[in-house]
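Enquirer: What follows is a single structure, and I will ask about it in a moment.
The values are calculated or read from the model by the stated rules, or taken from the named source; none is laboratory data. Everything quoted here is computed from the prediction, not taken from an experiment. Using ideal geometry, Cβ is built from the backbone for each residue, glycine included, and neighbour counts are taken over all protein chains shown.
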Amino acid sequence: MTLRLNDRYLKDFISDEDYAQIAPAIERAHRTLTEKSGAGSDFLGWTSLPDGYDREEVARIVRAAEKIRESCEVFVAIGIGGSYLGARAAIEFCKSARYNSLPKKTPDIYFSGNDLSASNLAELLELCRGKDICINVISKSGTTTEPAVAFRVFRELLEKKYGKAGAAERIFVTTDKSRGKLKELADQNGYETFVVPDDVGGRFSVLTPVGLLPIAVAGIDVYAMLDGASSAKKTYSDCDLQKNDAYKYAAIRNILLRKGKSVEIFATYESSLAMTAEWWKQLYGESEGKDKKGILPASVTFTTDLHSLGQFIQEGSRILFETVLDLLNSSDRLEIPFDETDSDGLNFLSGKDLHYVNRTAFTATAMAHVDGGVPNIVLELEKRGAFEFGYLVYFFELACAISGYTLGVNPFDQPGVEAYKKNMFALLGKPGEENERRRAELAKKI
Ligand code: PA5
């Protein structure tokens, strides 16, 4: 078992009748997805990635990653949203949130171009000083401002340091196969390029070159990751939600939403899973938050956040439910020491494995939150590894598609993301008639 949905903490909130009532909608969503008859059906390429991925492209990714590992100390992955969250989540999930600080034979990996903070970029340039650098700029559209700005800065740095031809050996581009400014630039300068398939949206793209190149640079087995996704695809093929945990997760979310639970908190008890929660937030937030509908996805890392958000979860507005990613086995064993004086009164824990204590904290918390009126969906994850990450990705993507169709939205578009961009371009003085018109409109409101 890689992943199992445990509904132990849902019994007070969801009845057999609730499941029976939602089952037809889940079956309809299943048909919509498998028959490719719903909104956004042009973007279902992620369903065939686990077993239908481009073998040649993945082999080329593995070769490029080897070259990168041999030629640099710092690897900078430049991208935003779906063009960075999956890779970062995977690296922290499979390795550590402290990947850069721990001893390793692979380069330090930094993610840039995911904000417009001057300090963030300046600090990263400082960290890169005197080090050999390779970069991977990742943008499906090739026009997104945040990564485009960071790329311009790093391209200049690399060209000054290595010359134009030397820089070209160290710049890797992941973008559309033929369209966009980034593709043009890559072709002009002879950068090695990887393709984001047309039919895979950003937040569903971690198992394409978007995620796989940075993941491979970290020394993670990308084939094991794809195998994990393929295994999940086989496991979750039945449309009966009582036999299909991905569908059951989608069903539970929609049942709880109909009962007024409009915020889902993704909880983990491991800092290495915090970025997986960030990836999950984008997946569900962008897929479902539209047409004035959706569940607001939030996240916490426990037990840390029990000392910040714990109070609200226990006793605040009763609009919440939690989805806990419960890691059954830790890769590390750490025994709590015995102390003769027992001055801290902790000898009752001596000899116990810290992971056991962490999991007991989870049980205690789940019981308390359920008593406080917060349903808990528990996803038991066997362990952390490349296979498991790939498995989890497919589980959540599939559940997201089914959940979105059950909710009655197109889970594969993100029209709302454009609103801030239009205002920003207008305010920044981007040329063009439409920008000028908007600038005049905004000026009246400021
Ligand atoms: O999920 C999405 O589509 C978005 O989050 C995009 O990934 C993000 O906006 C970045 O877009 P692009 O890869 O075109 O730069």
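Enquirer: Identify all residues within segment 84-112 that are closer than 27 Å to residue 327 by Cβ, touching a helix residue (DSSP H, G or I) at 6+ places or on another chain (Cβ under 7 Å) and within 16 Å of the ligand (Cβ to nearest atom); write none if there are none.
Expert: Matches in segment 84-112: 85, 86, 87, 88, 89, 90, 111.
Table: residues versus (1) under 28 Å from residue 285 (Cα atoms); (2) in contact (Cβ under 8 Å) with a residue 40 or more places away in the chain.
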position	(1), (2)
135	no, yes
152	no, no
160	no, no
168	no, no
179	yes, no
191	no, no
200	yes, yes
211	yes, yes
214	yes, yes
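Enquirer: Here is a follow-up. Looking at residue 306 and the list (1) more than 21 Å from the chain's Cα centre (by Cα); (2) under 28 Å from residue 108 (Cα atoms); (3) among the aliphatic types (A, V, I, L, M), which single condition is not satisfied?
Expert: Among (1) more than 21 Å from the chain's Cα centre (by Cα); (2) under 28 Å from residue 108 (Cα atoms); (3) among the aliphatic types (A, V, I, L, M), residue 306 violates only (2).
Enquirer: Would you pick out the residues in segment 154-179 that are among the hydrophobic types (A, V, I, L, M, F, W, C) and either within 16 Å of the ligand (Cβ to nearest atom) or not in a helix (DSSP H, G or I) (or both)?
Expert: Filtering segment 154-179 down to residues among the hydrophobic types (A, V, I, L, M, F, W, C) leaves 154, 157-158, 165, 167-168, 171-173.
154, 171, 172, 173 - these are the residues of segment 154-179 that are among the hydrophobic types (A, V, I, L, M, F, W, C) and either within 16 Å of the ligand (Cβ to nearest atom) or not in a helix (DSSP H, G or I) (or both).
Enquirer: State yes or no: is residue 150 in a helix (DSSP H, G or I) and more than 20 Å from residue 71 (Cα to Cα)?
Expert: yes
Enquirer: With (1) in contact with a strand residue (DSSP E or B) (Cβ under 7 Å, 6 or more places away or on another chain); (2) within 30 Å of residue 225 (Cα to Cα) as the list, and residue 363 as the residue in question, which single condition is left unmet?
Expert: If we test residue 363 against (1) in contact with a strand residue (DSSP E or B) (Cβ under 7 Å, 6 or more places away or on another chain); (2) within 30 Å of residue 225 (Cα to Cα), just (1) comes out false.
Here is a yes/no grid of residues against (1) without any contact (Cβ under 8 Å) to a residue 60 or more places away in the chain; (2) surrounded by fewer than 20 Cβ atoms within 10 Å (Cβ to Cβ); (3) in contact with a strand residue (DSSP E or B) (Cβ under 7 Å, 6 or more places away or on another chain):
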{"position": "229", "(1), (2), (3)": "no, no, no"}
{"position": "237", "(1), (2), (3)": "yes, yes, no"}
{"position": "241", "(1), (2), (3)": "no, no, no"}
{"position": "244", "(1), (2), (3)": "yes, no, no"}
{"position": "248", "(1), (2), (3)": "no, no, yes"}
{"position": "252", "(1), (2), (3)": "no, no, yes"}
{"position": "257", "(1), (2), (3)": "no, no, no"}
{"position": "262", "(1), (2), (3)": "yes, yes, yes"}
{"position": "268", "(1), (2), (3)": "yes, no, yes"}
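To keep it simple, each residue is scored yes or no on (1) under 30 Å from residue 408 (Cβ atoms); (2) more than 16 Å from the ligand (Cβ to nearest atom); (3) in contact with a strand residue (DSSP E or B) (Cβ under 6 Å, 6 or more places away or on another chain).
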position: 289; (1), (2), (3): yes, no, no
position: 295; (1), (2), (3): yes, yes, yes
position: 305; (1), (2), (3): no, yes, no
position: 312; (1), (2), (3): yes, yes, no
position: 317; (1), (2), (3): yes, yes, no
position: 320; (1), (2), (3): yes, yes, yes
position: 324; (1), (2), (3): yes, yes, yes
position: 328; (1), (2), (3): no, yes, yes
position: 333; (1), (2), (3): no, yes, yes
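Enquirer: Same structure, new question: Between 25, 29, 64, which is assigned by TED's automatic domain parsing to the domain that holds residue 286 and under 24 Å from the mean Cα position of the chain (by Cα)?
Expert: Within the list 25, 29, 64, the selection yields 29.
Enquirer: Looking at 345, 408, 432, 351 in this structure, which one is touching a strand residue (DSSP E or B) at 6+ places or on another chain (Cβ under 7 Å), on the phi > 0 side of the Ramachandran plot and loosely packed, with under 14 Cβ neighbours inside 10 Å?
Expert: Checking each option against the conditions leaves just 351.
Enquirer: Answer yes or no: is there a residue in segment 263-270 that is in the same structural domain as residue 19 (by TED's automatic domain parsing), touching an Asp or Glu at 6+ places or on another chain (Cβ under 7 Å) and at negative phi. Let's see the steps before the verdict.
Expert: Step one: of segment 263-270, the residues in the same structural domain as residue 19 (by TED's automatic domain parsing) are 263-270.
Now restrict to residues that are touching an Asp or Glu at 6+ places or on another chain (Cβ under 7 Å): 265, 267.
Okay, now just the ones that are also at negative phi, so 265, 267.
Yes, that holds for at least one residue.
Enquirer: Suppose we keep only residues that are under 28 Å from residue 48 (Cβ atoms) and out of contact with any Ser or Thr (no Cβ under 8 Å at 6 or more places or on another chain) within segment 188-204. Which one would you say is nearest to the ligand (Cβ to nearest atom)?
Expert: 201
Enquirer: Considering each residue of segment 123-148, count those that are within 16 Å of the ligand (Cβ to nearest atom), in contact with a helix residue (DSSP H, G or I) (Cβ under 8 Å, 6 or more places away or on another chain) and not small (Gly, Ala, Ser), and give that number.
Expert: 9
Enquirer: Ok, one more. Please specify each residue of segment 23-56 satisfying the condition of being in contact with a Gly (Cβ under 6 Å, 6 or more places away or on another chain) and among the aliphatic types (A, V, I, L, M).
Expert: Within segment 23-56, the first condition is being in contact with a Gly (Cβ under 6 Å, 6 or more places away or on another chain), and the residues that meet it are 32, 43.
The answer is none; no residue qualifies.
Enquirer: Could you please let me know if residue 210 is in the same structural domain as residue 111 (by TED's automatic domain parsing) and not in a helix (DSSP H, G or I)?
Expert: Against the criterion (in the same structural domain as residue 111 (by TED's automatic domain parsing) and not in a helix (DSSP H, G or I)), residue 210 does not qualify.
Enquirer: Pull up segment 63-81, narrow it to residues that are in contact with a Gly (Cβ under 8 Å, 6 or more places away or on another chain) and within 16 Å of the ligand (Cβ to nearest atom), then point me to the one that is nearest to residue 217 (Cα to Cα).
Expert: 78
Enquirer: Ok, one more. Please give the number of the condition residue 292 fails out of (1) under 30 Å from residue 83 (Cα atoms); (2) surrounded by 16 or more Cβ atoms within 10 Å (Cβ to Cβ).
Expert: Single failed check for residue 292: (2).
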